[in-house]
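Structure record follows, encoded as structure tokens.
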Amino acid sequence: MDITILFKKNLWTPGWGEISLSAFIIALISGVLLIPFFEPSPDPFKSISIFINYSALNHLLHSLHSYSGDLFLIAGFMHTFEYIYKKSYNNYSFKSWFFLILLSVFSLLAVFSGFLSIGSKGSFSAISIVSGILYRLSVLGTFVSEFLFPNERLSVIYMHHIATFTILSIILIYVHIKKLRAESYALYYTLTILIIFSIAFPEGIGFSPGTPLEVIKGPWYFIGFQEMLGWLPVWIAGLLFPFIILIFFSILPHIKEKGNEILYGFMLFTFFYFAESIIGYFFRGDEWQFLFR
């Protein structure tokens, strides 16, 4: 299979970087429109439930915001894939590449903190998982955990979502491309796709915190991580694995002669995580037990 087709642009399909930027802008605008209706304390789940059930237009706005965040991550991932395929990382200084890695991290945190701030059953489960991993890092992990979600206070997580991580993402995007405005055709293309998808598949908000459930699964990008935690020691899946990924991306500009090996390694990692996500989503049941045992 010729994977260059994944990165070709034509009149109707903008590049992945343009789609990612467009999705980010749409997420920003829709998020600002949602702020007056969302109450992060004391019961954010109730406030968002009332909002989306009030009218179809409200539900559309919520879905648009949620899916634009998802598309921001997906298109950003494909843009990274394109960088590795074309060996574009060789053109970056260590400083510029380091800012790109930070952008990837804060982009994920911006979207993930939005999921956490909803206050659903899945939100509290994800907070518990991440906190448990961070506390294994002793003093540093405790500090990071208390900074991100002190005592599981969703109002703090929400402030990180709309301020800390989003503002840092905006700054790093500007550092990367020296602009914060998407091309018109890319913006209209992305908005059209997101509206169609939001109408066809309205996004829910999960289960209320008090719902008795035996298995809680996080957002699509978190399920593969949950699956690894189900069969690997926490220090490997939760600490060593993410550390290796960050180191791998950090040293890319210094590896000049291993382009094909890097591409194959990245594709292998992508396939592995995709397979883990499929297993976690479709084949895990109560207490994360394998359904066909």
Checklist outcome for this item: Contact list, first residue from segment 263-286 and part of a helix (DSSP H, G or I), second anywhere and surrounded by fewer than 14 Cβ atoms within 10 Å (Cβ to Cβ) and of a type in the set (D, E, K, R), beta-carbon distance below 7 Å, six or more apart or interchain, is ASP286/GLU214
Checklist entry - Can you pull out the residues in segment 74-115 that are part of a helix (DSSP H, G or I), more than 28 Å from ALA126 (Cβ to Cβ) and among the aromatic types (Phe, Trp, Tyr)? => result TYR83, TYR85, TYR89, PHE94, TRP97
Checklist entry - Regarding SER169, is this residue closer than 23 Å to ILE35 by Cα, modelled with pLDDT of 95 or more and assigned to a helix (DSSP H, G or I)? => result yes
Checklist entry - Across segment 1-55, which residue is surrounded by the most Cβ atoms within 10 Å (Cβ to Cβ) among those that are of a type in the set (Ser, Thr, Tyr) and either in a helix (DSSP H, G or I) or at pLDDT 90 or above (or both)? => result SER22
Checklist outcome for this item: Result of the Cβ filter at 8 Å on segment 160-173, keeping first residues that are over 15 Å from SER104 (Cβ atoms) and partners that are among the hydrophobic types (A, V, I, L, M, F, W, C) and assigned to a helix (DSSP H, G or I), at least 6 apart or interchain, is HIS160/LEU109; HIS160/LEU148; HIS161/ALA110; HIS161/LEU116; ILE162/ILE35
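So if I check each of LEU71, LEU134, which one is of a type in the set (A, V, I, L, M), touching a residue at least 24 places away in the same chain (Cβ under 8 Å), crowded, with 17+ Cβ neighbours inside 10 Å and part of a helix (DSSP H, G or I)?
LEU71
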Checklist entry - Taking into account only those residues within segment 209-231 that are surrounded by 13 or more Cβ atoms within 10 Å (Cβ to Cβ) and of a type in the set (D, E, K, R), which is modelled with the lowest pLDDT? => result LYS217
Checklist outcome for this item: Scanning segment 239-256 residue by residue, those touching a residue at least 24 places away in the same chain (Cβ under 8 Å) and under 21 Å from VAL144 (Cβ atoms) turn out to be LEU239, ILE245, LEU246, PHE249, SER250
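The values are calculated or read from the model by the stated rules, or taken from the named source; none is laboratory data. None of the values given here were measured: they were computed from a predicted structure. Cβ atoms come from the backbone with ideal geometry, glycine included; neighbour counts cover every protein chain shown.
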